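Beneath this line is the structure, given in structure tokens, with notes to follow.
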Amino acid sequence: MQRQPQLQQLSTNPNFDVAIIGGGATGLGVAVEAALKGYRVVLLEAQDFAKGTSSRSTKLLHGGVRYLTQGNISLIYQALHERGVLLGNAPHLAHPLSFIVPTYSWWDTTLYTLGLKIYDALAGASSLGPTHHLNSKQIQSRYTHLRARGLKGGVQYWDAQFDDARLAISLARTAHSLGAYVVNYCPVQSFNHQDGCVKGLNFQDALTQSNCTINATCVINATGVWVDDIRNMSPPNHSSLVTASQGVHVVVDRSFWPYDAALLIPKTSDGRVLFIVPWMGQVILGTTDTLQSQHLLEPQPTLEDIQFILQQVVPYLNKAPALQDIKSLWAGLRPLVQANSHPKSGATSQISREHFIGIDSSKLVTITGGKWTTYRVMAEDVLDRCTHEGLLPKPPQHKSTKDLHLIEGPSSEAPTVNRVRYAVHNEMAQSVEDVLARRSRVLFFNAGLAIELAPQVAQIMAEEGIANPRLEEFVAMAQKYTAGYLAG
Ligand SMILES: Cc1cc2nc3c(=O)[nH]c(=O)nc-3n(C[C@H](O)[C@H](O)[C@H](O)COP(=O)(O)OP(=O)(O)OC[C@H]3O[C@@H](n4cnc5c(N)ncnc54)[C@H](O)[C@@H]3O)c2cc1C
């Protein structure tokens, strides 16, 4: 998957059935789905694939235990089914993960055991293993880092874990292998209309500043928290559809929770759930939920967010991490669709399960919301909607992504030099950040190590033909993933 040859071909043959704006989970999922169905597809990403929310998740493939309390059974059922589909199609990037819920009263033990047995039953044939009650002796002997005081027992259940940014790269490569054009660093800047309908778009190659135009039968806006910026290009003055909620994670040494199972803290002081999850030899703690009026590309965790997370784990761990133990920290923005904005937007809209699909009067299609776990059904839904509304002809091929194996990348054990070369030549990495944040995940599990590795990565990239791998820019950005930055 190379960038320049695709851009050259795009300029000589710019006619497409489907043009997708945004290369996160949602847009990449649509690109795979549409290419497999035989449409001529192009996807344009303003930054790097998964630079937005899709590299900043908790990395769980899950039905969402919290939806149990809301009684949202169909949503859980669908997500648990999709969890199974992805484990089958991307076994190189996803695996089952056991979770422990500690309980401190007989009532909680009964409630969580029953609830999580229902959760497992909803998975049906995609169940990853039975839910078990653990008595206090069992939980204390297996999880000695868990605070024993007041512990009455626990519940063990199964969900799954995946590598979000690497899954995005795998989807990009899969879409490309099916004939789609998939290009990063190409922000869409404006639309072209025919009879009041969006029939094409203009974008810039951000690396050369050259401009390009594409004609498309159907344009799909899959830009996460930025969907309103795109909607306002055609025609302007839409009311806003999406607000953003920021979720923060911190990463600490594995020694604070040295187990293969994750821990679910069922109720934080603000009434949410919080996870302690083993990942890449470290442990992720998160997350938070704070409304944001700004939709920054690099949303910044505040000291308050971090202290909140650290405080929440104190009652559960014998030795809790402190600020100086943090190896990396990051924030992501959840696109939340405002329930009351649909009628005012002038869109024909439909809230489908957790995600939203809307079609503006100019026939611009917007899809947002949902979660990583359900990206594949979101893609199916939006294409079905486009054909149903006459925005696309019936699919040339009736194939399903349910059993489409996604392309594998290099082994995580590959030496650094080979890994960087592979990222440049096969995964469209254009900068040190692309390599250290999303082709390998070093920035996300150890920001200090990423800063150390950066000059070597820049040198290899330069040898492989990347004229400006933007080393200084990366180092300045990576500092913000360290606790030192927070401490000021
Ligand atoms: C803290 C947190 C934890 C989460 N944890 C989980 C989890 O454990 N499991 C799970 O299933 N889900 C999880 N989610 C949800 C999941 O991460 C999101 O639903 C998903 O990543 C959203 O993907 P997206 O493609 O819609 O948006 P994004 O990933 O933000 O992609 C949108 C893309 O559009 C691009 N773009 C913007 N403007 C333009 C333009 N003009 N031209 C071209 N491109 C443009 C952006 O650069 C961006 O890359 C979590 C979310 C958050 C915030």
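Points to keep in mind about this one:
- Within region 1-36, the residues that satisfy the criterion of being more than 16 Å from the ligand (Cβ to nearest atom) and either farther than 26 Å from Leu297 by Cα or crowded, with 24+ Cβ neighbours inside 10 Å (or both) are Pro5, Gln8, Gln9, Ser11, Thr12, Asn13, Pro14, Asn15, Asp17, Ala35, Leu36.
- The listed residue being within 14 Å of the ligand (Cβ to nearest atom), within 23 Å of Gly271 (Cα to Cα) and at pLDDT 95 or above, out of Leu61, Leu44: Leu61
- Scanning region 47-58 for residues that are in contact with a strand residue (DSSP E or B) (Cβ under 7 Å, 6 or more places away or on another chain) and in a loop (DSSP other than H, G, I, E, B), we see that the one that is farthest from the ligand (Cβ to nearest atom) is Arg56.
- Residue list for region 64-88, restricted to those being within 12 Å of the ligand (Cβ to nearest atom) and either farther than 12 Å from Thr373 by Cβ or in the same structural domain as Tyr119 (by TED's automatic domain parsing) (or both): Val65, Arg66
- Of all residues in region 235-293, exactly one satisfies the criterion of being among the basic types (Lys, Arg) and either within 16 Å of the ligand (Cβ to nearest atom) or part of a strand (DSSP E or B) (or both), namely Arg272.
- Per-region count, region 309-341, residues over 26 Å from Glu45 (Cα atoms) and either among the basic types (Lys, Arg) or touching an Asp or Glu at 6+ places or on another chain (Cβ under 8 Å) (or both): 4
- Any hit, region 120-135, residues being closer than 25 Å to Pro258 by Cβ and in a helix (DSSP H, G or I): no
- Residue match in region 181-189 (condition: in the same structural domain as Gln8 (by TED's automatic domain parsing), part of a strand (DSSP E or B) and surrounded by fewer than 19 Cβ atoms within 10 Å (Cβ to Cβ)): yes
- Hits in region 259-288 - residues which are touching a Gly at 6+ places or on another chain (Cβ under 7 Å) and aromatic (Phe, Trp, Tyr): Phe275
- Residue check for Ala450: in contact with an Asp or Glu (Cβ under 8 Å, 6 or more places away or on another chain) and closer than 27 Å to Pro278 by Cα: no
- When region 91-105 is filtered for residues that are in a loop (DSSP other than H, G, I, E, B) and in contact with a helix residue (DSSP H, G or I) (Cβ under 6 Å, 6 or more places away or on another chain), only Leu93 remains.
- Lys137 among the basic types (Lys, Arg), in contact with a strand residue (DSSP E or B) (Cβ under 6 Å, 6 or more places away or on another chain) and surrounded by fewer than 16 Cβ atoms within 10 Å (Cβ to Cβ): no
- Qualifying residue in region 223-232 (condition: touching a strand residue (DSSP E or B) at 6+ places or on another chain (Cβ under 6 Å), part of a loop (DSSP other than H, G, I, E, B), buried (at least 23 other Cβ atoms within 10 Å of the Cβ) and in the same structural domain as Pro321 (by TED's automatic domain parsing)): no
- Given (1) in a helix (DSSP H, G or I); (2) among the β-branched types (Val, Ile, Thr); (3) out of contact with any helix residue (DSSP H, G or I) (no Cβ under 7 Å at 6 or more places or on another chain), number of the condition Thr144 does not satisfy: (1)
- Taken over region 190-213, residues that are part of a strand (DSSP E or B), among the aliphatic types (A, V, I, L, M) and closer than 20 Å to Asp48 by Cα amount to 1.
- Matching residues, region 459-486, being of a type outside the set (Gly, Ala, Ser) and either in contact with a Phe, Trp or Tyr (Cβ under 7 Å, 6 or more places away or on another chain) or more than 22 Å from Pro301 (Cα to Cα) (or both): Gln459, Ile460, Met461, Glu463, Glu464, Ile466, Asn468, Pro469, Arg470, Leu471, Gln479, Tyr481
- Single match in Ser361, Ser341 (criterion: within 30 Å of Ile73 (Cα to Cα), at pLDDT below 95 and among the small types (Gly, Ala, Ser)): Ser341
The values are calculated or read from the model by the stated rules, or taken from the named source; none is laboratory data. Being a predicted model, the structure only gives us computed values, none of them experimental. As a convention, Cβ positions derive from the backbone with ideal geometry for all residues, glycine included, and neighbour counts pool all protein chains shown.
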